[in-house]
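Participant: Structure provided below as structure tokens; questions to follow.
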Amino acid sequence: MKYHFYNANILSEGKILHGDVVVEDEKIIYVGKDIAVKADREIDVKGNVLMAGFVNAHVHTPMTLLRGVADDMELYSWLYDNIFPAEQKLTPEDVYWGEMLGIAEQVRAGITAFDENYFHFDAIIDAVKKSGIRCRLGLPGNFNSKSAKEMNEFLDLYISKLDNKLIKPAIYAHSIYTLTEEELSILVDYSAKHKLPVCMHLAETLKEVGDCTVKNECTPPEYLEKLGFLDRPSTLYHCVHLDKDDIKILADYNANVVTCPSSNLKLGSGIAPIYSMKEHGLNICIGTDGTASNNSLDMFKEMFLVATLNKATLYDASIISANEVLDMATKNGALALGFEGCGDIIEGNYADLILIDLNKPHHQPLNNIISNLVYSAKSSDVYFTMVNGKILYEDGKFNIGEDIEKIYENCQKITKRIL
Ligand SMILES: [Zn+2]
């Protein structure tokens, strides 16, 4: 299938250029000035934006089922008293429908790839494969009383099931407070043996840092360094409470960090030191986290917060630019998750792209499109989402393998039952 997008404002390599993009099968084969080409479908972009889809670098997608169930409380009571008990009632079928709802929400908002961290992996793999979205799947999260041998067999089994090129595996350790030192070492050994990246929630709250310092006599990054966790290619979520020495450790190991500002604000966790991370050369990505702590999968909201929060805490509006934030939401995430050939509109890349409607009052007059994308755009401006050359959303219609009304209906039934 060949698509010819014409009359587009294309965001490519940090600049806006007016012209055409041609997609053939799963790849972008042309980016440039107007071109005459024979295509199966001609799409007049009408001067709107054509850009790479967003990479949501941290999410627990099936938490869509728990949207709004535990608001206005800090992380530990939110997690241990509310979220974990509700999650125990979720069946694999529930997770499938929660995943489908989250995929619908993400493609509607221009997200074309995400880093998944949840459980009931068969259901997740099923939904991701059916939908056609790109995903890095974190395994296993927690041990749930498995022995080292059982865990190795479990990981072998699930990694063998990821035979789809749109799904990549990673070794996901939930956090230093939910896993023992022995369990973390088992996961590090597995990731080294199988050359897989590792990921984890890190330094999300002051309590986590305080508890780690009391128990292990070191900060969370020092603890991960000691365990050899940082010797592996790593993606670390939140990283709110890091001092300069901690950030230097993460930089020394080329760790990827994922900031999730809405979740950190809503749970009262704090504001991540993005500027300092940037100064140390860390690859900074953006994630929404799950909808129980956000409560939406909307990278536009996150971009605005990433662009503004550190300006306010450091009393300096010049420390981060809209261009840098767009990179964090696209190519930095693709790099961290190992999605080579994604995150930008350039020839040879995979066709993970979105169209954004500028023909709205909040985008006019058109003075600075890059500024609009970060400071005034809304996820509802996205009207077209393509992943790997396949259209997953267009003008209100979803093409993700399940009917959207059926998804809503099933998710409503599930939440009624479990809450
Ligand atoms: Zn999380």
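Participant: Put Glu208, Glu93, Glu225 in order of accessible area, largest first, 1.4 Å probe: what do you get?
Facilitator: Per-residue accessible area, sorted high to low, gives Glu93, Glu225, Glu208.
Participant: What figure, in Å² to the nearest 10, do you get for the accessible area of Asp189 with a 1.4 Å probe and non-protein molecules left out?
Facilitator: 100 Å²
Participant: Taking only C-alpha pairs under 8 Å that are 6+ residues apart, what is the relative contact order of segment 54-337 in percent?
Facilitator: The normalised contact order for segment 54-337 reaches 21 percent.
Participant: Still on this model: Would you calculate, for the chain, the mean residue ellipticity at 222 nm contributed by helices, counting each DSSP H stretch of 4 or more residues as -39,500 (n - 2.57) and dividing by all residues, to the nearest 500?
Facilitator: That comes out to -10500 deg cm²/dmol.
Participant: How far apart, in nm, are the 7 Å Cα→Cβ label points at Ala312 and Glu405?
Facilitator: The answer from the label model is 4.2 nm.
Participant: Next up: Determine the share of segment 97-226's accessible area contributed by carbon and sulfur atoms, expressed in whole percent, with a 1.4 angstrom probe.
Facilitator: It is 53 percent, rounded to a whole number.
Participant: With the cut-off at 1.5 for a/c, could you classify the chain from its C-alpha gyration tensor as rounded, prolate or oblate?
Facilitator: Prolate.
Participant: From largest accessible area down, sort Glu105, Glu279; use a 1.4 Å probe on the protein chains.
Facilitator: Glu279, Glu105
Participant: Then there's this: Which value, in Å², gives the accessible area per residue of the chain when a 1.4 Å probe is used on the protein heavy atoms?
Facilitator: 39 Å²
Participant: Tell me, what is the 1.4 Å probe accessible area of Glu347, in Å² to the nearest 10?
Facilitator: Counting only protein heavy atoms, Glu347 exposes about 110 Å² to solvent.
Participant: State to the nearest 20 debye the size of the charge dipole of segment 54-337 about its Cα centre, where the only charges are +1 on K and R beta carbons and -1 on D and E beta carbons.
Facilitator: Roughly 840 debye, rounded to the nearest 20.
Participant: Which percent, to the nearest 5, of DSSP beta bridges fully inside the chain are antiparallel?
Facilitator: Just about 45 percent of them are antiparallel.
Participant: Tell me the angle of helix 148-161 to the major Cα principal axis of the chain, expressed in degrees between 0 and 90 and rounded to the nearest ten.
Facilitator: Between helix and principal axis, roughly 10 degrees.
Participant: Here is a follow-up. What is the Cα centroid distance between segment 207-225 and segment 22-60, reported in whole angstrom?
Facilitator: The two parts, judged by their Cα centres, are 45 Å apart.
Participant: Could you tell me how many degrees, from 0 to 90 and to the nearest 10, lie between the Cα long axis of helix 299-313 and the main elongation axis, the longest principal axis, of the Cα atoms of the chain?
Facilitator: Between helix and principal axis, roughly 60 degrees.
Participant: Rounded if a/c is under 1.5, else prolate if a/b beats b/c, else oblate: with a ≥ b ≥ c from the C-alpha gyration tensor eigenvalues square-rooted, which is segment 313-367?
Facilitator: Taking the square roots of the gyration eigenvalues as a ≥ b ≥ c, segment 313-367 is oblate.
Participant: In addition: What is the sum of charges around Leu419, taking Lys and Arg as +1, Asp and Glu as -1, for the other residues whose C-beta is under 13 Å from the C-beta of Leu419?
Facilitator: +3
Participant: Cα axis of helix 121-131 to longest principal axis of the chain: angle in degrees, 0 to 90, nearest 10?
Facilitator: Approximately 0 degrees, to the nearest ten.
Participant: Roughly how many Å is it from the Cα centre of segment 143-194 to that of segment 69-138, as a whole number?
Facilitator: That distance is 18 Å.
The values are calculated or read from the model by the stated rules, or taken from the named source; none is laboratory data. In this text, all values refer to a predicted model and were calculated from it rather than measured experimentally. Every residue, glycine among them, receives a Cβ derived from its backbone with ideal geometry; neighbour counts consider all protein chains shown. What goes into the accessible areas is simple: the full protein's heavy atoms, side chains included, and nothing from ligands, DNA or RNA. Shrake-Rupley method; radii C 1.70, N 1.55, O 1.52, S 1.80 Å.
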